[in-house]
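To keep things clear, I will list the structure first and then write my remarks on it.
The values are calculated or read from the model by the stated rules, or taken from the named source; none is laboratory data. Since we're looking at a predicted model, the values are computed, not measured. Methodologically, a virtual Cβ is constructed for each residue, glycine included, from the backbone with ideal geometry; neighbour enumeration extends over all protein chains shown.
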Amino acid sequence: DEIRSVAREIVEKEIEKHAADGLGRVDYALGSAGANVVRHSEPYFDNRWGFLKKNTVHSDANKMLLPSLGEPGQCFALKSRNGFVEIKLRTAIIPEAITLEHITKSVSYDRSSAPKDCRVFGWFQSRVSDPIVVPRFLLTEFSYDLERSNAQTFTVDSTDLGVVNMVRLDFSSNHGASHTCIYRFRVHGQEQEPNSRPLLSLES
Amino acid sequence: DEIRSVAREIVEKEIEKHAADGLGRVDYALGSAGANVVRHSEPYFDNRWGFLKKNTVHSDANKMLLPSLGEPGQCFALKSRNGFVEIKLRTAIIPEAITLEHITKSVSYDRSSAPKDCRVFGWFQSRVSDPIVVPRFLLTEFSYDLERSNAQTFTVDSTDLGVVNMVRLDFSSNHGASHTCIYRFRVHGQEQEPNSRPLLSLES
Amino acid sequence: DEIRSVAREIVEKEIEKHAADGLGRVDYALGSAGANVVRHSEPYFDNRWGFLKKNTVHSDANKMLLPSLGEPGQCFALKSRNGFVEIKLRTAIIPEAITLEHITKSVSYDRSSAPKDCRVFGWFQSRVSDPIVVPRFLLTEFSYDLERSNAQTFTVDSTDLGVVNMVRLDFSSNHGASHTCIYRFRVHGQEQEPNSRPLLSLES
Ligand SMILES: [K+]
Ligand SMILES: [K+]
Ligand SMILES: [K+]
């Protein structure tokens with residue numbers, strides 16, 4: 001009976017976490033909550049991108065800001081082994097961690113398209129269309145490990161960066177494929193108080 | 001070994017329930033199974049609603065009748081702290097319980113938009129367009145509690161109401177926001193036998 | 001404490017499997033990964049099918065190749081108690097097993113539309129439009145059991161069939177309804193090495 005009650009308690013907690021978007025942690029880069037991709041390197045499935053579409057966002061881009069059912073294909077595929085994506089967050093936050101997620105090993109045809117060496121930058125920008133003149137701060141630098149759990153969370157090292165509403169993921173290598181797929185990218189942190197001032201703001 | 005087998009048994013049962021739309025209970029208000037919202041108070045995202053759209057149903061309305069992946073935003077947002085939604089069920093049932101679900105605390109930006117004091121009514125109506133002349137019976141009255149599990153089920157008090165195919169959720173308060181979001185509303189019960197007669201029917 | 005750690009280990013493993021598309025097994029019939037239905041018997045919701053659409057694929061057909069949230073309705077509905085569906089796989093594989101999944105008992109209005117006696121065939125065909133002159137090999141023959149877990153996996157009996165890229169599900173009976181619903185069909189196996197030769201190929 002004691003076994004039963006302990007086991008049940010653990011199960012309920014873990015399933016609650018699983019049901020809470022897998023992590024149980026607030027995501028300020030969630031596509032259905034107002035965040036979106038604003039710029040990225042060349043996408044995989046688009047031959048005419050170079051000529052016509054340099055300043056547009058690919059229709060698959062927001063797949064990396066949305067949950068899916070754990071099946072292959074629900075990702076944003078970028079051409080080549082290195083590249084970047086810039087994201088406007090739902091709202092300005094003091095960043096605390098980011099999570100990068102690739103598809104689970106057990107249902108995947110091939111995981112060599114996972115990003116490997118990554119750096120994440122953050123800054124504040126009042127309008128997406130403004131030229132970026134503020135410094136971009138390095139939030140974290142990490143290597144995505146195919147042998148670990150598929151959703152990997154990395155802490156932001158410095159906590160006195162002030163608020164950011166823009167985040168950039170730079171990947172300089174992947175796990176071997178000629179293209180790179182990003183399944184899900186999340187940004188965690190604390191919302192700023194209404195009267196706190198963005199340290200890195202264009203207006204400051 | 002005994003621990004292992006007990007734990008595994010509990011886990012499998014709980015995951016099965018989780019995989020069964022979270023509750024493992026038949027939902028007669030499920031949008032993809034023929035139920036739909038037929039009338040509601042003023043929606044949140046629609047400035048022209050008052051003038052033009054009083055008799056239309058907002059395109060987000062059926063979000064409250066569909067499962068989602070546990071992320072913010074998959075809800076029907078209504079203007080102000082009180083309001084209502086009327087739902088035509090998939091089929092006529094003897095109602096036994098209703099479930100109201102808001103987003104899980106751990107992934108939510110703000111839960112003050114959750115409904116609080118609610119009353120649910122039921123009745124039978126052969127055509128949605130008929131004027132409602134039948135009495136609406138109170139099925140249950142409850143307060144949604146932000147500290148409990150996010151899917152909260154409330155039993156229908158009386159069981160001799162006969163069959164209903166229409167249900168109305170009235171909320172008279174919420175948890176503090178200026179608007180109210182309904183993430184998921186479900187209706188549980190028993191299907192009537194083909195030859196049973198709706199007690200509250202317009203034709204009776 | 002030992003109980004806790006054993007229980008936690010089991011829970012994490014089971015949730016990982018659940019999150020991995022329910023089975024934790026690669027699916028070469030996954031619709032979002034390039035597989036698709038190419039031919040099927042008469043669909044349920046289409047009165048004009050016989051006259052106009054004999055050679056088209058119904059818009060619901062690929063629902064049977066996609067995961068859903070465990071709710072009723074996310075299936076491909078076919079007219080009558082027997083019929084077939086032919087699927088082009090994402091890529092050629094040596095088939096090892098197939099999985100047929102109906103809706104979970106606990107959330108279902110009625111499960112009499114589940115397929116019952118089934119046979120699955122496989123073959124290799126370079127173009128879908130080619131006339132089929134190769135033999136179709138029987139991969140497995142089984143009866144879907146409503147009392148077992150809703151996702152049921154059946155092993156391919158012979159393993160020396162060579163590679164296939166086409167699979168056909170034939171059902172000769174169902175569990176009692178006048179129509180038949182297929183919620184999810186998956187095909188498991190090993191991808192061929194690039195230079196292995198399809199044994200059953202049209203070109204061979
Ligand atoms: K995704
Ligand atoms: K929903
Ligand atoms: K499905």
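Candidates A:Val120, A:Val163: the one that is in contact (Cβ under 8 Å) with a residue 24 or more places away in the chain and farther than 20 Å from A:Cys75 by Cα is A:Val163. Would you call A:Leu78 buried (at least 21 other Cβ atoms within 10 Å of the Cβ) and either touching a His at 6+ places or on another chain (Cβ under 7 Å) or over 20 Å from A:Val37 (Cα atoms) (or both)? When the stated conditions are applied, A:Leu78 passes them.
For the stretch A:78-104, enumerate the residues that are within 12 Å of chain C (Cβ to nearest Cβ) and touching a residue at least 60 places away in the same chain (Cβ under 8 Å). Step through it out loud before you land on a result.
Step one: filter the stretch A:78-104 for residues within 12 Å of chain C (Cβ to nearest Cβ), giving A:101, A:103-104.
Selection gives A:Glu101, A:Ile103.
Candidates in the stretch A:60-77 are the residues that are at the interface with another protein chain (Cβ under 7 Å from one of its Cβ atoms) and near ligand 1 (Cβ under 8 Å from one of its atoms); of these, the one that is nearest to B:Pro72 (Cα to Cα) is A:Pro67.
Please find, within the stretch C:131-149, the residue that is surrounded by the fewest Cβ atoms within 10 Å (Cβ to Cβ) out of those that are of a type in the set (A, V, I, L, M) and not in a strand (DSSP E or B). The selected residue is C:Val133.
Answer yes or no: is there a residue in the stretch B:122-144 that is under 16 Å from the mean Cα position of the chain (by Cα) and within 16 Å of ligand 2 (Cβ to nearest atom). Scanning the stretch B:122-144 turns up at least one residue that is under 16 Å from the mean Cα position of the chain (by Cα) and within 16 Å of ligand 2 (Cβ to nearest atom).
Can you tell me which of (1) in a loop (DSSP other than H, G, I, E, B); (2) within 11 Å of chain A (Cβ to nearest Cβ) is the one B:Val11 doesn't meet? It fails just one condition, (1).
Taking the criterion of being surrounded by fewer than 21 Cβ atoms within 10 Å (Cβ to Cβ), more than 16 Å from A:Tyr109 (Cα to Cα) and not polar (S, T, N, Q), the residues of the stretch C:19-39 that qualify are C:Ala19, C:Val38, C:Arg39. Taken together, A:Phe154, A:Phe124, A:Phe185, A:Phe171 contain a single residue that is within 16 Å of ligand 1 (Cβ to nearest atom), aromatic (Phe, Trp, Tyr) and either away from every other protein chain (no Cβ under 14 Å) or surrounded by 13 or more Cβ atoms within 10 Å (Cβ to Cβ) (or both), which is A:Phe185. Selection of the stretch C:62-75 for residues being surrounded by 21 or more Cβ atoms within 10 Å (Cβ to Cβ), within 16 Å of ligand 2 (Cβ to nearest atom) and either closer than 20 Å to C:Gly176 by Cα or β-branched (Val, Ile, Thr) (or both) yields only C:Pro72. Checking the structure you have, find out if any residue of the stretch B:38-52 is modelled with pLDDT of 85 or more and within 16 Å of ligand 3 (Cβ to nearest atom). The answer is no; no qualifying residue exists.
Out of the residues in the stretch A:115-146 that are over 27 Å from A:Cys181 (Cβ atoms) and among the β-branched types (Val, Ile, Thr), which is modelled with the lowest pLDDT? Among those residues, the one meeting the criterion is A:Val133.
Condition check: assigned to a loop (DSSP other than H, G, I, E, B), touching a residue at least 60 places away in the same chain (Cβ under 8 Å) and surrounded by fewer than 18 Cβ atoms within 10 Å (Cβ to Cβ). Does C:Ser59 satisfy that? Break it down into steps so the answer makes sense when it comes.
Details: assigned to a loop (DSSP other than H, G, I, E, B): yes; touching a residue at least 60 places away in the same chain (Cβ under 8 Å): no; surrounded by fewer than 18 Cβ atoms within 10 Å (Cβ to Cβ): yes.
When the stated conditions are applied, C:Ser59 does not pass them.
Counting only residues that are of a type in the set (Ser, Thr, Tyr) and within 14 Å of ligand 2 (Cβ to nearest atom), which one in the stretch B:83-108 is modelled with the highest pLDDT? So, considering only residues that are of a type in the set (Ser, Thr, Tyr) and within 14 Å of ligand 2 (Cβ to nearest atom), the one modelled with the highest pLDDT is B:Thr99.
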